[in-house]
Structure formats: C-alpha cells, structure tokens
Amino acid sequence: MAAKVVIVTGGNKGIGLAIVRALCKQFQGDVYLTARDVGRGEEAVKSLSTEGLKPMFHQLDINDVNSITTAAAFFKQKYGGVDVLVNNAGIAFKMADTAPFAVQAEVTLKTNFFATRDMLTHFLPLVKAGGRVVNVSSFVGSRTLNQCSPALQQRFRSEDITEEELVGLMEQFVEKAKKGEHKDAGWPETAYGVSKTGLTTLTMIQARRLSKERPKDGILCNACCPGWVRTDMAGPKAPKSPDEGAITPVYLALLPAGATDPHGKFVSDKEVQPW
C-alpha cells in the first residue's frame, strides 16, 4: 500500500505554511509543501524541520500547466493518486495598488480562478476514494455575490450551472473589466471578490459532479474561508494568526473516514455558511 499523501499549494508562507504545519502534526501520511519557487519552498521545509516536522517538497506553479501536469504525474506514479488536495495558492492586489482595474481583474482571475481550475482539472481524477478536496476561498466571495446583479446571483446559486457556463461568466467579467463595462453588466468593483465567488461556485459544481460520477467513493469537496489572517496578503492588522487561519482548511482536509458532509459547501469557522 502506498503511503497516504496530502498536497498543499502555495505552501511556503502565510496560511499555506500554517496548513502544512498543522497537517504535519495531524495527518497520517506524507505532507507535501508545494511552491512555485524552489528556493522559497525548500527554505519553508527547512524552517518547519527546525520545529521537528517533516514535510516534503515538490515544485508546483499553478499558473503553469506544465508544472501541474508534471506534479500530477509524479503523485500518480509515486502514490497512485492523492488523498487530500488543499488548493491554497492565490493572490490579491493591495488596496493602495495603482494597477488599472482591467489589469487587476485579468491577473487576479488568472491565478485565483483559472489556474486553480487547471489544478482541479488535472488532480481531481487522481483523488482516491475517501479523499478530501479543500479550496481556500474567502467570505469576500459571498459578500461579492450579494453585490452582483440578481441575474448573476441566480446563476451562481443555481443547482444546474455548469463548469462551462461558470468559465464563460468569469471570462465575461474580465472582458467587461477591460472595457470598463463590468458595472453596467451587473458586476461589482472587486476582482478578488469575483475570483472567490467563482472559486466557491466551481467547488459546488465539482462536488455535484463527484457525487454523480463517483457516488461510492465518498470524496468530500468543499470551499472555505480561513478568516481575516495576518499575512503578506491581508496585512498586519488582521485579527487571526496564520495558525488560526489554518484551522478550518485543516478541519475539512481531515474530515473522518465515512463522513458524508459537509460536501459542496462554503465553510467558515468549521460551520457551513449560507451561499
């Protein structure tokens, strides 16, 4: 039997590093810290080893499909698949950033939605029976959903939205943002929020698909909000430490064998949230 294995994307700092730390202490198996930059990733592994923890490292840049397919092949060959996948890698522009909204929209969705979707496209087929998939989203996504036009809200909340339709909506947002027409089309003025609305909706679509296509496998797939956490991304004033931010993602990653819920939900502070 191959050892069990968990993969955390964007694991070299912030919430990702805290998730790796907690999983090293609680997961019965190999824990992989992945990062796009080999040097930073190996440095993070070294820092955790000084705490007596033993994470492993694999290079993985979610914005590079070749990097994703290389990693997927490695985990398939070495472990026969993946037991837990935590999609944590993401970006956010600072409030003070002067980049035009069109640029922020394209760059933010490229990583937070489209690249994370690429990860899921290549890794979901590798998730073993009883596996867990955790997509680190944000309460900003649900807040943004409530600021969308009624028509957009209806689609994002519908049980029959397809992945293709969702991708089309995310592409539409980027295109409208480039022309300065996003508000007229019912979109709010937040690229980060839209990217996380998309990610949470994608999680729900893929959870429904897993239930339909692999009903006996007991895979649970959820999106979560770690909370407002003191990181490079969220700034020093946030109330939660990275270790506190890791609590809900780790809880979802370690849902016990045989659990049937939550699945296809948005979870914060270990509680299912309205969507």
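The values are calculated or read from the model by the stated rules, or taken from the named source; none is laboratory data. Please read these numbers as outputs of a predicted model, since none were measured by experiment. Cβ placement follows ideal geometry from the backbone for every residue including glycine, while neighbour counts extend to all protein chains displayed. Protein only, heavy atoms only, side chains kept; ligands, DNA and RNA dropped before computing areas. Shrake-Rupley method; radii C 1.70, N 1.55, O 1.52, S 1.80 Å.
The requirement of being open to solvent by less than 20 Å² (accessible area, probe 1.4 Å) and assigned to a helix (DSSP H, G or I) is fulfilled somewhere in the range 176-191, by at least one residue.
Screening VAL229 on (1) open to solvent by less than 10 Å² (accessible area, probe 1.4 Å); (2) of a type in the set (A, V, I, L, M); (3) modelled with pLDDT of 95 or more shows it passes everything except condition (3).
Looking at VAL45, VAL38, VAL86, just one residue is touching a strand residue (DSSP E or B) at 6+ places or on another chain (Cβ under 6 Å) and closer than 19 Å to GLY131 by Cα, and that residue is VAL86. Restrict the check to the range 126-140 and report whether at least one residue is open to solvent by 60 Å² or more (accessible area, probe 1.4 Å) and within 21 Å of GLY193 (Cα to Cα). Yes, because at least one residue in the range 126-140 is open to solvent by 60 Å² or more (accessible area, probe 1.4 Å) and within 21 Å of GLY193 (Cα to Cα).
Taking the condition over 19 Å from CYS221 (Cα atoms), of a type in the set (A, V, I, L, M, F, W, C), touching a Lys or Arg at 6+ places or on another chain (Cβ under 9 Å) and open to solvent by less than 10 Å² (accessible area, probe 1.4 Å), does LEU60 pass? Break it down into steps so the answer makes sense when it comes.
Values: over 19 Å from CYS221 (Cα atoms): yes; of a type in the set (A, V, I, L, M, F, W, C): yes; touching a Lys or Arg at 6+ places or on another chain (Cβ under 9 Å): yes; open to solvent by less than 10 Å² (accessible area, probe 1.4 Å): yes.
So LEU60 passes the test.
Restricting attention to the range 75-94 and to residues that are open to solvent by 60 Å² or more (accessible area, probe 1.4 Å) and more than 21 Å from LEU199 (Cα to Cα), the residue that is nearest to the chain's Cα centre (by Cα) turns out to be LYS76. Applying the condition of being touching a Leu at 6+ places or on another chain (Cβ under 9 Å) and polar (S, T, N, Q) to the range 153-203 and asking which residue is nearest to SER142 (Cα to Cα) yields THR197.
How about the range 142-155: which of its residues are of a type outside the set (D, E, K, R), without any contact (Cβ under 8 Å) to a residue 60 or more places away in the chain and in a helix (DSSP H, G or I)?
THR144, ASN146, GLN147, PRO150, ALA151, LEU152, GLN153, GLN154
Please indicate, with yes or no, whether at least one residue in the range 164-172 is open to solvent by less than 40 Å² (accessible area, probe 1.4 Å), over 17 Å from VAL86 (Cβ atoms), small (Gly, Ala, Ser) and free of Cβ contacts under 8 Å to residues at least 24 places away in the same chain. So far as the range 164-172 goes, yes, one or more of its residues are open to solvent by less than 40 Å² (accessible area, probe 1.4 Å), over 17 Å from VAL86 (Cβ atoms), small (Gly, Ala, Ser) and free of Cβ contacts under 8 Å to residues at least 24 places away in the same chain. Out of VAL45, VAL8, VAL31, one residue alone is of a type in the set (A, V, I, L, M), without any contact (Cβ under 8 Å) to a residue 60 or more places away in the chain, under 20 Å from VAL127 (Cα atoms) and surrounded by 19 or more Cβ atoms within 10 Å (Cβ to Cβ). It is VAL31. Pairing each residue of the range 261-275 that is under 18 Å from GLU244 (Cα atoms) and free of Cβ contacts under 8 Å to residues at least 12 places away in the same chain with any residue that is surrounded by 12 or more Cβ atoms within 10 Å (Cβ to Cβ) and among the hydrophobic types (A, V, I, L, M, F, W, C), provided the two are 6+ apart or on different chains, yields C-beta distances under 8 Å for VAL272/PHE266.
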